[in-house]
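Here's the structure, in structure tokens; my notes come after.
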Amino acid sequence: MPAASILIKPASSNCNIDCRYCFYKCLSSSREEYSKGFMSFETLEQLVIRAVEYADGYLAFAFQGGEPMLAGMDFFRRAAELQKKYNKKKLVIENTIQTNGTLINQEWARFFAENNFLVGLSLDGPKKLHGRYRKNVQGISTFEQVMRAAGLLEKYHADFNILSVITNETVKNASSLYHFYKRNGFSYIQLIPCMDEQERTGRKREESFAVDPIGYGRFLCEFFDLWYEDFKDGLNMDIRMFSNLAQMAAGYPAEECGMNGNCTCYFVVEGDGSVYPCDFYCLDEWKLGTVEQPFKDLANSDKAKKFVDSSRRIPSRCQNCAWYSLCRGGCRRWREGASSADNLNVLCQAYEIFFEHAWERLKKLGKYIERRYGHA
């Protein structure tokens, strides 16, 4: 049995704000049921039992949404209790939660700190950038609420990182975004390029928030230049993408799923206990089963194998590319864009621009990792 990571959607696609680019809102609209409902304690208990049964050594529970905090404090207290109750195998269990931050108050911040939750806080940058797309249902920016949440997490010493969606507007503001992180002392950053989900799923596009490849490539170059100069001066800001690439340059495997070149079947559990192979494929046609079934059986099912095998189709142009060992074709989701010829990654040009620009310095970072930690 493997180390395991289970992604849980306790509130399904339900959310208390209305981000205009939300991929899960778009994806859920393609299902027979938009929302799978709020997870019951009974389903939660069965999920924990199955996860502990399946895992070996290490088990991670990642709570996402929608907005997972809508499930309520009692749900998360119960989750922590059940993990302790059923962990007879003495697994190392870790919990993470990805949240829009608007519901975080002192009680929540204290809970996350006391229960060692790693909080992913969705924050798209300074007020002008964040407020463009991340609004509440009244159309008002959530910026002040999220910044207040960051302050509370810091006050109670809860570990958190920042996740920023990079849109067609953000790519024009790399310097502003970088200095916002630096000014606020945010040390762990994940940059997520925005995709046109409506185009990918074949639905009519009303407005595009997606990055264009050349603009995103230039954004990565400018952002990397700023970060690298500060890194040389001793600033400790961890940009997940750059850290991954440096580790790969040192011979370590990719930590990010999308950098592996093919899918693995991790498990996503929806509010009703239904199980899917990936967050981006919580669709009716990819339902593997439910938490009533052992995860081992779900992983070995024909549908799970089909999901993994279908991700291995890498275009010949990728395999002959100088940067293939770094990109590996990228996440299959980005190879399924309607504007992509021959299933080529929609952001192929972006990565060509970036790797050409940054590779020599990434190699230096790889050598630094080798000296400090040894070669993989």
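The values are calculated or read from the model by the stated rules, or taken from the named source; none is laboratory data. Small disclaimer: the values here were computed from a predicted structure and weren't measured. Cβ atoms come from the backbone with ideal geometry, glycine included; neighbour counts cover every protein chain shown. To get the accessible areas, we keep the full protein, side chains included, count just its heavy atoms, and leave off ligands, DNA and RNA. Shrake-Rupley method; radii C 1.70, N 1.55, O 1.52, S 1.80 Å.
Just subtract the alpha-carbon distance of residue 42 and residue 56 from 0.36 nm times their residue separation and send over the number in nm, one decimal.
Additional length available on full extension: 2.7 nm.
Rounded to the nearest percent, how much of the accessible area of the chain (1.4 Å probe, protein heavy atoms only) is carbon and sulfur?
Summing carbon and sulfur atoms, their accessible area is 47 percent of the total for the chain.
Quote to one decimal, in nm, the extra length available between residue 137 and residue 255 on full extension: 0.36 nm per residue of separation minus the C-alpha distance between them.
39.0 nm
Which of the helices in the chain, when you take each full DSSP H run, stretch at least 30 Å along the axis at their Cα atoms and have an average Kyte-Doolittle score of -1.0 or higher?
348-373
Rounded if a/c is under 1.5, else prolate if a/b beats b/c, else oblate: with a ≥ b ≥ c from the C-alpha gyration tensor eigenvalues square-rooted, which is the chain?
Judged from the Cα gyration tensor, the chain comes out rounded (a/c under 1.5).
Could you give the nm distance between label points at residue 313 and residue 127, where each point is 7 Å from its Cα heading toward the beta carbon?
About 4.9 nm, to one decimal.
Cα-based Rg (one decimal) and Dmax (whole number) for region 250-376, in Å?
Gyration radius and largest Cα-Cα distance of region 250-376: 17.5, 50 Å.
Counting only trypsin sites (Lys or Arg not before Pro) that are in a DSSP loop and have at most 14 other C-beta atoms within 10 Å, tell me the longest site-free stretch of the chain.
In short, 91-202.
Evaluate the distance, in nm, between pseudo-label points positioned 7 Å from the Cα of residue 33 and of residue 3 along their respective Cα→Cβ axes.
Each label point is offset 7 Å from its Cα along the Cβ direction, giving 3.4 nm.
Can you return the lysines within cross-link range of residue 9? Criterion is Cα-Cα under 16 Å, with same-chain partners fewer than 8 residues away left out.
25, 36, 287
Using a probe radius of 1.4 Å on heavy atoms only, what accessible surface per residue do you get for the chain? Whole Å² is fine.
Accessible surface, normalised per residue, equals 46 Å².
Provide the FRET efficiency to the nearest 0.05 for the residue 264-residue 157 pair, computing r from the beta carbons and using R0 = 30 Å.
Computed FRET efficiency for residue 264 and residue 157 comes out at 0.35.
Could you calculate the FRET efficiency of residue 88 with residue 324 from 1/(1 + (r/R0)^6), where r is the beta carbon distance between them and R0 is 41 Å, rounded to 0.05?
0.40
What residue among 245, 258, 224 has its Cα farthest toward the positive end of the dipole of region 217-266, where the charges are +1 on Lys, Arg and -1 on Asp, Glu, each on the Cβ?
About the Cα centre, the residue reaching furthest to the positive side is 258.
Rounded to the nearest 10 Å², what accessible area does residue 179 have for a 1.4 Å probe in the complete protein model?
70
For the chain, what's the relative contact order in percent, using C-alpha pairs closer than 8 Å and at least 6 residues apart?
Relative contact order here is 18 percent.
Please give, to one decimal in nm, the separation of the simple spin-label points placed at residue 285 and residue 148, each 7 Å out from Cα toward the Cβ.
Placing both labels 7 Å beyond Cα along the Cβ direction yields 4.4 nm.
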